[in-house]
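Q: Got a structure for you, written out below as structure tokens; questions coming shortly.
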């Protein structure tokens with residue numbers, strides 16, 4: 001038993017665990033090693049698919065199953081153990097078909113364990129997926145037979161820094177997310193994980209639902225969560241202790257979510273330091 005043996009800490013990956021340079025600050029790595037040594041459980045909850053996430057996170061300190069696809073899948077990649085899985089109902093195709101037909105300027109990815117089915121992606125994105133070891137498929141939507149855990153629609157370009165929260169692009173994607181939630185009420189949940197992206201998964205899951213279920217499964221009394229974007233909000237709200245980087249979604253401050261150090265300055269290290277003051 002250690003100081004943090006009752007706690008599960010879960011962090012978002014992009015722009016929370018990583019900085020704006022797409023690297024994990026050493027301060028976060030050192031703090032996580034200490035957290036685990038003192039009995040704490042730690043994992044990552046990301047909107048990335050398992051295939052896309054694993055190369056980035058496999059060498060980081062972690063001792064709890066990995067949450068991917070915005071909570072639609074939870075597993076231990078080192079052993080292949082599946083903990084939770086929430087595939088999308090087949091009716092997702094009815095939501096997506098009009099977008100594919102009417103907006104060829106938008107990129108679409110259907111993400112599953114076998115890889116990504118891609119539509120209208122540019123060469124930079126294709127190269128990015130390849131560099132992360134992601135298998136891609138191209139076929140008409142009606143011919144997709146694989147189990148899909150999440151789909152994403154985004155404006156081609158830099159997904160991390162391609163639009164700010166007040167841009168016309170961001171307003172369009174917020175409206176699209178609201179439309180999906182209205183059309184798929186009870187079946188699907190749409191979130192804006194970046195200002196220029198909407199992601200849709202089964203309504204049975206979210207980062208928050210899966211994080212809380214994982215805490216219960218591991219027998220951890222307290223959930224600590226940290227994230228920077230709308231797809232992290234459910235996790236922060238489900239947590240006993242919720243935090244956001246001070247340079248994350250500006251609406252989080254208005255919600256009263258505790259602000260930690262900016263992502264490039266060791267957000268997670270700062271969260272752990274604050275937990276030490278409280279535990």
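Q: Restricting to the stretch 215-233, give me the number of residues that are free of Cβ contacts under 8 Å to residues at least 60 places away in the same chain and either touching a strand residue (DSSP E or B) at 6+ places or on another chain (Cβ under 7 Å) or more than 23 Å from residue 3 (Cβ to Cβ) (or both).
A: 2
Q: Check whether at least one residue in the stretch 156-163 is touching a helix residue (DSSP H, G or I) at 6+ places or on another chain (Cβ under 9 Å) and more than 22 Å from residue 20 (Cβ to Cβ), and report yes or no.
A: no
Q: For the stretch 116-138, give me each residue that is under 18 Å from residue 53 (Cβ atoms) and assigned to a loop (DSSP other than H, G, I, E, B).
A: Answer for the stretch 116-138, where residues must be under 18 Å from residue 53 (Cβ atoms) and assigned to a loop (DSSP other than H, G, I, E, B): 132, 133, 134, 135.
Q: Take the conditions surrounded by 15 or more Cβ atoms within 10 Å (Cβ to Cβ), assigned by TED's automatic domain parsing to the domain that holds residue 101, modelled with pLDDT of 95 or more and not in a loop (DSSP other than H, G, I, E, B) and apply them to residue 190. Does it pass?
A: Considered against the rule, which asks whether it is surrounded by 15 or more Cβ atoms within 10 Å (Cβ to Cβ), assigned by TED's automatic domain parsing to the domain that holds residue 101, modelled with pLDDT of 95 or more and not in a loop (DSSP other than H, G, I, E, B), residue 190 comes out as yes.
Q: Residues being under 11 Å from the mean Cα position of the chain (by Cα) and more than 16 Å from residue 252 (Cα to Cα): count how many of those fall in the stretch 209-234.
A: Qualifying residue count for the region: 0.
Q: When the stretch 1-17 is examined, which residues are found to be within 19 Å of the chain's Cα centre (by Cα) and within 14 Å of residue 271 (Cα to Cα)?
A: The answer is 8, 9, 10, 11, 12, 16, 17.
Q: In addition: So which residues in the stretch 82-106 are in contact with a strand residue (DSSP E or B) (Cβ under 6 Å, 6 or more places away or on another chain) and farther than 18 Å from residue 179 by Cα?
A: 82, 83, 84, 85, 86
Q: Determine, yes or no, whether residue 258 is free of Cβ contacts under 8 Å to residues at least 40 places away in the same chain, assigned by TED's automatic domain parsing to the domain that holds residue 70 and at negative phi.
A: The answer is yes for residue 258.
The values are calculated or read from the model by the stated rules, or taken from the named source; none is laboratory data. A quick note: this is a predicted structure, and the numbers were derived from the prediction, not measured. Using ideal geometry, Cβ is built from the backbone for each residue, glycine included, and neighbour counts are taken over all protein chains shown.
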